[in-house]
Amino acid sequence: MAEDEDLEFLQAMAQMGLRKSAKKARPKSEPEAETGPDPEFIQAIQSIEVVPNKDAPDRQPDLPTRKIKVSKKESVEEVLDLHGLTKEEALVQLTQFCVQNFISASPSGLVITGKGLHSQGGSPILKPAVEQWILTQGKRYVKAYAEAPRAFGGRGALVLYFRNS
């Protein structure tokens, strides 16, 4: 059966003008013992700029994006989880969170909006509303924001950097 599939695959490739490579496959080497991630690799990953995809379906196209570096080494102590709240409730909580962190001079905070997978219609409601609030009323408290690194929630969370009071 596998030979038939291989033959069909090669015939399909030949019809497209592609041929099997003359190179012989390299023998598989034994897997190396895991020693952990390479420190240079970790450093390179941590220096990558996180830039929200402006074409992603969960973003409002008219909202400008902000480019900032988000370090995975940073610990975000202030966290606001908006899961399960209505848009209005979430914006009230967000306002209180930002004002409190602005007054207490917290450098950053994490706002968990969720990805909108359980929203009516399957499109996110909280994340676009939070971003719109940051760009309008939140400008006074938030100097920059970005999508959180995967370790902090990825597309379902935002890292906020607060202004100094």
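The values are calculated or read from the model by the stated rules, or taken from the named source; none is laboratory data. From a predicted model like this one, the values you see are computed outputs, not experimental measurements. Note: ideal-geometry Cβ built from the backbone for every residue, glycine included; neighbour counts use all protein chains shown.
The table below lists the values:
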read-out: Any strands (runs of 3 or more DSSP E) falling wholly within segment 73-165 and containing at least 1 residues that are β-branched (Val, Ile, Thr), touching a His at 6+ places or on another chain (Cβ under 7 Å) and at pLDDT 90 or above; value: 108-112
read-out: Residue satisfying condition, being under 14 Å from the mean Cα position of the chain (by Cα) and charged (D, E, K, R), within set LYS115, LYS143, LYS139; value: LYS115
read-out: Every pair of residues 6+ apart whose Cβ atoms lie under 6 Å, when the first sits in segment 125-140 and is in contact (Cβ under 8 Å) with a residue 60 or more places away in the chain while the second is among the β-branched types (Val, Ile, Thr) and crowded, with 23+ Cβ neighbours inside 10 Å; value: LYS127/THR113
read-out: Residue list for segment 120-142, filter: of a type outside the set (A, V, I, L, M, F, W, C) and surrounded by 15 or more Cβ atoms within 10 Å (Cβ to Cβ); value: PRO124, LYS127, PRO128, GLU131, GLN132, GLY138, TYR141
